[in-house]
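Colleague: What follows is a structure written as structure tokens; I'll ask about it next.
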Amino acid sequence: MATEQRIPLRERRPSTSAPIVDIVGSVGPAGISRPKHKRTYTGFGAGDVKSVEASIPEPQREAWTKHQVKGFTDADGFEKEVVRHVETSLARSLFNCDEGAAYSAAALAFRDRLITEWNKTQQRQTFSDTKRVYYLSLEFLMGRAFDNAILNLGLKDVAKEGLTELGFRIEDIIEQEHDAALGNGGLGRLAACFLDSLASLDYPAWGYGLRYRYGIFKQEIINGYQVEVPDYWLDFNPWEFPRHDVTVDIQFYGSVRKSQDENGKSVAHWEGGEIVTAVAYDVPIPGYATPSTNNLRLWSSKASSGEFDFQKFNNGEYESSVADQQRAETISAVLYPNDNLDRGKELRLKQQYFWVAASLHDIVRRFKKSKRQWSEFPDQVAIQLNDTHPTLAIVELQRILVDIEGLEWDAAWNIVTSTFGYTNHTVLPEALEKWPVGLFQHLLPRHLQIIYDINLFFLQSVEKKFPGDRDLLTRVSIIEESQPKMVRMAFLAIVGSHKVNGVAELHSDLIQTTIFRDFVSIFGADKFTNVTNGITPRRWLHQANPRLSELIASKAGGHDFLKDLTLLNKIEEYAGDKEFKKEWAEIKYANKVRLARYIKQTLDVTVNPAALFDVQVKRIHEYKRQQLNIFGVIHRYLTLKAMSPEERKKQQPRVSIFGGKAAPGYWMAKQIIHLINNVGAVVNKDADIGDLLKVIFLEDYNVSKAEMIIPASDLSEHISTAGTEASGTSNMKFVLNGGLIIGTCDGANIEITREIGQENIFLFGTLSEDVEELRHQHTYGSHNVDSNLTKVFEAIQNGTFGEPNDFGAMVAAVRDHGDYYLVSDDFQSYIDTQNMVDTEYRNQDEWVTKCIRSVARMGFFSSDRCINEYAEGIWNVEPLAVKN
């Protein structure tokens, strides 16, 4: 056994040019390395504002009013602001103002214009002192802000004219903006659409989220593989305002001490641990055709003790002198850190608590300024939980009310349950968040105690209602008695909310009959409701497809349809009009040419705009079945290869376009991306096939790419296994832009079919009520893979599309492991329906008629309708009248 060697301590060598001094004793106060940060408060209550205003002397008020900022209204005023910002804010001139600088200056000019309305809106909401909605979402997939701002303000023509006179094309300037990297998929885009609608409909509302420094990630495709790199979207962001005076200290770890107050009441004290400071950043959200400009508040994390420890630095501990700041900053660094590791799980939970605790502190602070009784809290505050990520807000509000404000448990719990609404976004049991009890005990010890108490009182009420049903108690317990024990966040969200909603009729039915069936028995059906998702037509038609928007406006009597989407029905009478159809088709072709140009520029692949553009762009996930699509593409390729040249000439040319990100830890999804790219590498270079088939994967799919891709689609794929997609909103965007759908009877596809007519959609595949039976048969009975799919698998395993082992697991999931997502069961139906699409697309006249009719019947799917349903059925909130 080797003996441990002791390394002698290095002695400090005496300096030859300074006196030697024995340093004894401390040079600073014990236990303090740097000053503590102090919390500051902002804003006034309605009553405070009036008294402050009255105290301002008249001459000062006159001077202020005289010099108040007035926003520009014409091109000349806009140009003046742009030049001012170029020369002062950017310190540039006429000679070195490139497109990047022109974007920065134009964005700052419009930001200034927005701020005046934003300030007035916040003042109006404070003065009115009415109930506000707070929308908590871990994602807000906002897209570009510049184009949205100029459209919502009704000043796009002003911007276009002004930029042209200054020597720039508005399209080039819009392209300079980075997408805000605050989300990933439909959850975040829904939240963004809802913020747009809340502002456009004049509801007093705030969004609360996290300010991710690097987004989820920027996707690069290298040798066919997804590679994740940081998304440096914050290099220049004129659309946010740091509120360095709005900070909240957030506590983690530590322990809980119980004591008794003078009345003998038990009081909990959460002590010790680590403090991280949340700093607010505000983003204005302009409404369309209204001065209302709401607020999105994003929280950024920093070390509470400051970003730099001078003492450690002076002691030569250079790395650890910034360690506190680095550790704190990781909380708001990345959306959805990889949770395959335990440290990743802890960071995710830390992230969620940091965000909801800062948001609740802000909401409670704002309420307390009104000096109302706590019992009135639900009359002033409605908090909507967008999925389970913000569920800790329920526990945090209970902690604030009981531990800090001293309310009795039952009174506090009544306030909590009257305040929260919970939107569920998934029926997949594995997607419902659960956290290990041990992790909770370590990170949030007081919250775990509160969760246990909530669960105890809930289970006691269940036992009273259903005496002796032990199995029911086990099934509905917030604490899952597994190894290790887990906290079931969806169950906590249900118990702590007064309303639970699904996001499409099928989804809402499924959650009530499957995953939350027991809770319907306990609480009754009234607690559960449906609000089918919607999209904002301002961004997804007017902004993404301006020519189509103008064509519709010419027949619908103006742009009122952008505020009342049901007015689209006016264009149905033109579905047979030759001139209208011709212009419609020309707009679609122009959009396809634009996308084809982008594909050539980025991938160096030439695609024919006259081919059928078949698009599937969304998060990569097995339940969304991009694997079914690419297997179908391989089948098409093999079929074309087997034909004679004469037969091939009769086939419909097609471009299959994919896009979307796979979660960094989701290996199978990454392999699907790899297969798509490998198939493209073979097919796109095959001289026999030529333009008959091209396979494209567009990297780093985001909102601004969606605005280019969606208007160019002829057919879009929404082909999830029936009963797995909660709603989907991209299906609505594609139809609104004049494309048809191939899809399963899942999510909002069902309601889209009902609205637009079965003759205008291509449905295929298993129905949701048959899925479980088929899965059972696969596992316990016989499972024969479709013969055409077997040929696809043979081609993959023969190395046609690269190293066969790379895709072995994807093939085995279908062939050997029960085919959970029913790829084989639906394959022949999918192929037959795609053949039907080819046949119908050849009759372009009838195809265009179908597209026009579909758009005319899409009025139901506006996010404005959703928000009105939430406001009436869940939030009990009214719009705030705007006096111009």
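The values are calculated or read from the model by the stated rules, or taken from the named source; none is laboratory data. The structure presented is a predicted model; accordingly, all values stated were derived computationally and were not measured. Here the Cβ is made from the backbone with ideal geometry for all residues, glycine too, and neighbour counts use every protein chain on show. The area values use the complete protein model at the heavy-atom level, side chains included, leaving out ligands, DNA and RNA. Shrake-Rupley method; radii C 1.70, N 1.55, O 1.52, S 1.80 Å.
Colleague: Once amide H atoms are built 1.01 Å from N in the peptide plane, which residues 5 or more positions from Gly215, or in another chain, come under 5 Å H to H?
Modeller: Leu335
Colleague: Among Gly209, Tyr253, Ala268, whose Cα lies farthest out toward the positive end of the dipole of the stretch 200-270, if unit charges sit on the beta carbon of Lys, Arg (+1) and Asp, Glu (-1)?
Modeller: It is Ala268.
Colleague: Now, a different point. Going from most exposed to least, what order do Lys302, Lys499 have by accessible area with a 1.4 Å probe? List each step's numbers first, then the result.
Modeller: Values: Lys302 75, Lys499 45 Å².
Descending accessible area places them as Lys302, Lys499.
Colleague: Please compute the alpha carbon radius of gyration of the stretch 301-434, then divide it by the globular-protein estimate 2.2 N^0.38 Å. Two decimals is fine. Display every interim value, and only then the final one.
Modeller: On the way: Rg = 18.7 Å, N = 134, 2.2 N^0.38 = 14.1 Å.
Here the Cα radius of gyration is 1.32 times the empirical estimate.
Colleague: What percent do you get for the relative contact order of the stretch 772-839 when only Cα pairs under 8 Å and 6+ apart count? All intermediate terms of the calculation are to be shown ahead of the outcome.
Modeller: Details: 37 pairs, mean separation 26.1, N = 68.
Across the stretch 772-839, relative contact order equals 38 percent.
Colleague: So how far apart, in nm, are the two label points at Glu376 and Ser320 if each is 7 Å from Cα heading toward Cβ?
Modeller: Result: 5.3 nm between the two label points.
Colleague: Right, here's the next one. Tell me, what is a quarter of the convex hull surface for the C-alpha atoms of the stretch 652-750, in nm² with one decimal? Before the final figure, lay out the partial values.
Modeller: Values: hull surface 29.2 nm².
If you wrap the Cα atoms of the stretch 652-750 in a convex hull and average its projections, you get 7.3 nm².
Colleague: If you find the alpha carbon centre of the stretch 734-778 and of the stretch 312-375, how far apart are they in angstrom?
Modeller: 42 Å
Colleague: Using the alpha-carbon centroid of each, what span in Å lies between the stretch 280-296 and the stretch 163-212?
Modeller: 10 Å
Colleague: Would you mind putting 786-798, 170-182 in packing order, based on average other-beta-carbon counts within 10 Å, highest first? Intermediate values should be presented prior to the final figure.
Modeller: Details: 786-798: 17.5, 170-182: 19.4.
Ranking, from highest mean packing down: 170-182, 786-798.
Colleague: Over the chain, what relative contact order in percent results from Cα pairs under 8 Å that are six or more residues apart? Don't skip to the answer; put the middle values down first.
Modeller: Working: 1493 pairs, mean separation 109.2, N = 884.
In percent, rounded to a whole number, it is 12.
Colleague: Additional query: At 1.002 mPa s and 20 °C, plugging the Kirkwood radius over alpha-carbon pairs of the stretch 726-870 into Stokes-Einstein gives what diffusion coefficient in µm²/s?
Modeller: Numbers: Rh = 17.6 Å.
Diffusion coefficient, whole number: 122 µm²/s.
Colleague: If we count every other residue with Cβ under 15 angstrom of Val476's Cβ, Lys/Arg +1 and Asp/Glu -1, where does the sum land? The partial results should precede the final answer.
Modeller: Working: positive: Lys434, Lys464, Lys465, Arg470, Arg475, Arg488, Arg517, Lys527; negative: Glu463, Asp469, Asp471, Glu480, Glu481, Asp518.
Counting the neighbours of Val476, the net charge comes to +2.
Colleague: Separate question: According to the square roots a ≥ b ≥ c of the eigenvalues of the Cα gyration tensor, what is the shape class of the stretch 54-197, taking rounded for a/c under 1.5, prolate for a/b larger than b/c otherwise, and oblate for the remainder? Can you show the working numbers first?
Modeller: Working: a/c = 2.28, a/b = 1.07, b/c = 2.13.
Verdict is oblate for the stretch 54-197.
Colleague: Can you give me the Kirkwood hydrodynamic radius for the stretch 550-679, using every pair of distinct Cα atoms, in Å to one decimal? Don't skip to the end; give the middle numbers.
Modeller: Numbers: mean 1/r = 0.0553 Å⁻¹.
Hydrodynamic radius (Kirkwood, Cα pairs) of the stretch 550-679 is 18.1 Å.
Colleague: Please give me the summed charge of the neighbours of Asp196: other residues whose Cβ is under 11 Å from its Cβ, Lys and Arg +1, Asp and Glu -1.
Modeller: +2
Colleague: Which value, in debye to the nearest 20, describes the size of the charge dipole of the chain about its Cα centre when Lys and Arg Cβ atoms bear +1, Asp and Glu Cβ atoms bear -1, and nothing else is charged?
Modeller: Once rounded to the nearest 20, the dipole reads 1520 debye.
Colleague: Ok, one more. I'd like the orientation of helix 578-603 relative to the chain: the angle between its Cα long axis and the longest Cα principal axis, in ° from 0 to 90, rounded to 10.
Modeller: Computed tilt is about 60 degrees.
Colleague: State in Å² the accessible area per residue of the stretch 395-449; use a 1.4 Å probe, count heavy atoms of protein chains only, and round to the nearest integer. Display every interim value, and only then the final one.
Modeller: Numbers: 1790 Å² over 55 residues.
That works out to 33 Å² per residue.
Colleague: Here's another thing I want to ask about it. With labels modelled as points extended 7 Å from the Cα through the Cβ direction, what inter-label distance (nm, one decimal) is found for Arg243 paired with Thr65?
Modeller: My value for the distance between the label points is 2.8 nm.
Colleague: Additional query: Which FRET efficiency value, to the nearest 0.05, do you get for Thr164 and Glu573 by plugging their Cβ-Cβ distance into 1/(1 + (r/R0)^6) with R0 = 51 Å?
Modeller: Rounded to the nearest 0.05, the efficiency is 0.90.
Colleague: When ranked by the protection proxy of mean other Cβ atoms within 10 Å per residue, highest first, what sequence do the peptides 627-634, 327-334, 686-693 form?
Modeller: Top of the packing list down: 627-634, 327-334, 686-693.
Colleague: Once the Cα gyration tensor of the stretch 567-630 is found, what semi-axes does its equivalent ellipsoid get, as square roots of 5 times the eigenvalues, in whole Å, sorted largest first? Don't jump to the answer; show the numbers that get you there.
Modeller: On the way: eigenvalues 172, 79, 19 Å².
Whole-Å semi-axes of the equivalent ellipsoid: 29, 20, 10.
Colleague: Tell me, what ³J(HN,Hα) does each residue in the stretch 117-127 have, in order and in whole Hz, if you take phi through Karplus 6.51 cos²θ - 1.76 cosθ + 1.60 with θ = phi - 60° and put x for Gly and Pro?
Modeller: So the J values, rounded to whole Hz, are 5, 5, 4, 5, 4, 5, 5, 4, 5, 5, 4.
Colleague: Compute the relative contact order of the stretch 634-725 as a whole-number percentage, counting only Cα pairs closer than 8 Å that sit 6 or more residues apart in sequence.
Modeller: Working: 70 pairs, mean separation 30.6, N = 92.
Reported relative contact order: 33 percent.
Colleague: Once both axes come from the Cα atoms, what is the angle between helix 546-556 and the longest principal axis of the chain, in degrees from 0 to 90, rounded to 10?
Modeller: Between the helix axis and the principal axis of the chain, the angle is about 80 degrees.
Colleague: Can you tell me the FRET efficiency between Gln651 and Leu456 if r is taken as the Cβ-Cβ distance and R0 is 56 Å, rounded to the nearest 0.05? Walk me through the numbers before you get to the answer.
Modeller: Details: r = 66 Å, r/R0 = 1.18.
Given R0 = 56 Å and the Cβ-Cβ separation, E is 0.25.
Colleague: Which shape class, rounded, prolate or oblate, goes with the chain when its Cα gyration tensor gives a ≥ b ≥ c as root eigenvalues, a/c under 1.5 marks rounded, and past that a/b bigger than b/c marks prolate?
Modeller: Numbers: a/c = 1.44, a/b = 1.28, b/c = 1.13.
Cα axes put the chain in the rounded bin.
Colleague: Using mean Cβ contacts within 10 Å as the protection proxy, how do 465-475, 848-858, 562-572, 58-68 order, highest first?
Modeller: Values: 465-475: 12.4, 848-858: 21.1, 562-572: 18.3, 58-68: 8.6.
Averaged packing, sorted descending, gives the order 848-858, 562-572, 465-475, 58-68.
Colleague: Looking at Phe697, Ile150, Val356, which one has the Cα that reaches farthest to the positive end of the dipole of the chain (charges on Cβ: Lys, Arg +1; Asp, Glu -1)?
Modeller: Val356
Colleague: Here is a further query. May I ask you to derive the FRET efficiency for Thr514 and Glu840 from their Cβ-Cβ distance with R0 = 51 Å, giving the value to the nearest 0.05? Write out the running numbers ahead of the final one.
Modeller: On the way: r = 36 Å, r/R0 = 0.70.
Result of the calculation: an efficiency of 0.90.
Colleague: Now for a separate question. Please list, ordered by chain and number, the residues whose modelled amide H lies under 5 Å from the amide H of Leu296; skip anything fewer than 5 residues away on the same chain.
Modeller: Gly207, Val283, Ile285
Colleague: Starting from 0.36 nm per residue, how many nanometres of slack lie between Met708 and Tyr780 once their C-alpha separation is accounted for?
Modeller: That works out to 21.3 nm of additional length.
Colleague: A further question on this structure: Regarding the stretch 233-335, what are the three Cα extents along the principal axes, ordered largest first, in Å?
Modeller: Cα extents, longest axis first: 57, 51, 25 Å.
Colleague: Run the simple label-point estimate for Glu87 and Ala411 please: 7 Å along Cα→C-beta, distance reported in nm.
Modeller: 6.3 nm
Colleague: Let me ask another. So, counting K/R as plus one and D/E as minus one, what does the shell of residues with Cβ under 12 Å around Ile552 add up to?
Modeller: Numbers: positive: Arg547, Lys555, Lys570; negative: Glu550, Asp560, Glu572, Glu583.
That sum, taken over residues with Cβ under 12 Å, equals -1.
Colleague: Follow-up question, since we're still on this one. Amide H to amide H under 5 Å from Arg857: which residues, 5+ apart in sequence or cross-chain, H placed 1.01 Å off N in plane?
Modeller: Amide H neighbours of Arg857, under 5 Å, 5+ apart: none.
Colleague: Tell me the carbon and sulfur percent of the accessible area for the chain, rounded to whole percent, probe radius 1.4 Å.
Modeller: On the way: 19580 of 38630 Å².
Within the chain, the accessible surface is 51 percent carbon and sulfur.
Colleague: Distance between the C-alpha centers of the stretch 503-553 and the stretch 584-599? Whole Å please.
Modeller: The two parts, judged by their Cα centres, are 30 Å apart.
Colleague: On to the next question. Can you give the convex hull volume of the alpha carbon atoms of the stretch 731-806 per residue, in Å³?
Modeller: Numbers: hull volume 12.4 nm³, N = 76.
Taking the convex hull of the Cα positions in the stretch 731-806, it is 163 Å³ per residue.
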